[in-house]
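Take a look at the structure set out below.
Each value in this text was obtained by applying a stated rule to the coordinates, not by laboratory testing. Since the model is a prediction, treat every value here as computed from it, not as a measurement. FYI the Cβ positions are ideal-geometry reconstructions off the backbone, even for glycines, and counts take in every protein chain you see.
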Amino acid sequence: MGILVLGLVLFLGVHSVRIVADGWRTQTLARVGEMPWKGLYSLVSAVGLALIVWGYGLARQQPVVLWVPPVGMRHAAALLTLIAFVLLAATYVPRNALKARLHHPMVLGVKVWALAHLLSNGNLADVLLFGSFLLWAVLSFRAARQRDRAQGSTVYAAGSAAGTAAAVVVGLVAWAGFAFWGHAWLIGVAPLGR
C-alpha cells in the first residue's frame with residue numbers, strides 16, 4: 001500500500017501546486033523558464049503515475065475489503081464514466097457548449113470518474129486511489145473557478161451545436177472502446193462483464 005500512497009503523493013502533489021501555491025508556481029516558472037518547469041513537472045508526474053499503477057496492482061493482489069457494493073453500483077458506475085468521458089472530450093473539442101458552460105470539464109470529469117469508482121469498489125486500495133482523486137478534483141475545480149473570478153477577464157469560447165455534438169460523440173466512442181475492450185486489457189477487469 002505504501003507504493004500506492006507514494007505514487008498518489010507525487011502525482012497529485014505536483015498537480016496540486018496551482019491549488020496550494022499558485023504564486024510560488026508563477027515565480028518559479030519565471031525564474032527557471034517554461035521548458036525546465038514542464039520537464040520536471042512531467043518527470044514527477046510520470047514517476048508518480050508509474051508508482052500508482054504498480055502500487056494499485058500490488059494492493060489488488062491482497063485486497064482489504066471494506067464493503068461489498070451492491071451489483072447496481074456497476075450500472076451507476078458505467079453511466080457516470082460515460083459522463084466522465086464526454087466531459088474529457090469536451091476539454092479538447094473546440095467550441096462546445098459543455099466547456100463554454102462548465103469552464104473546466106476535465107476536472108469535472110475526474111470528479112465523476114472517481115465517484116463512479118468509489119461507488120462500485122469497496123476495497124481499501126480503491127478508497128485510497130479514487131478517494132484521493134475525488135478530493136483533488138474538488139479542490140482543483142474550486143481553485144480554478146477562484147482563479148477565473150480573480151482574473152475577471154477569463155473568456156471561454158461560445159459553444160456551437162456542432163462542437164457540442166462532436167464532444168458528445170467523441171466521448172461516447174471513447175467510452176465504448178474503453179468500457180468494452182480497453183478496461184479489461186489495461187486493468188484486467190471487464191466493467192460491463194462480458
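Dividing the Cα radius of gyration of segment 64-194 by 2.2 N^0.38 Å, with N the residue count, gives 1.15.
Peptides 15-21, 121-127, 63-69 ordered by packing proxy, namely the average of other Cβ atoms within 10 Å per residue, highest first: 121-127, 15-21, 63-69.
Considering only F178, F133, F85, the Gaussian network model of the chain with Cα springs below 10 Å gives its largest mean-square fluctuation to F178.
Scanning residues 5 or more positions from S160 or on other chains, those with amide H under 5 Å from its amide H are N96, A97, with H placed 1.01 Å from N in the peptide plane. Membrane-span-like helices in the chain (whole DSSP H runs, Cα extent of at least 27 Å along the helix axis, mean Kyte-Doolittle hydropathy of at least 0.0): 34-61, 72-92, 124-151. The packing ranking of peptides 134-145, 38-49, highest mean first, is 134-145, 38-49, where packing means the average number of other beta carbon atoms within 10 angstrom of each residue.
Spatially, segment 39-94 and segment 168-194 are offset by 13 Å when compared through their Cα centroids. Calculated FRET efficiency, A158 to K38, Cβ-Cβ distance, R0 = 41 Å: about 0.85 to the nearest 0.05.
Each peptide in 27-37, 74-84 was scored by the mean count of other Cβ atoms within 10 Å over its residues; highest first, the order is 74-84, 27-37. This model, with +1 at the C-beta of Lys and Arg and -1 at the C-beta of Asp and Glu, gives the chain a dipole about its Cα centre of some 360 debye.
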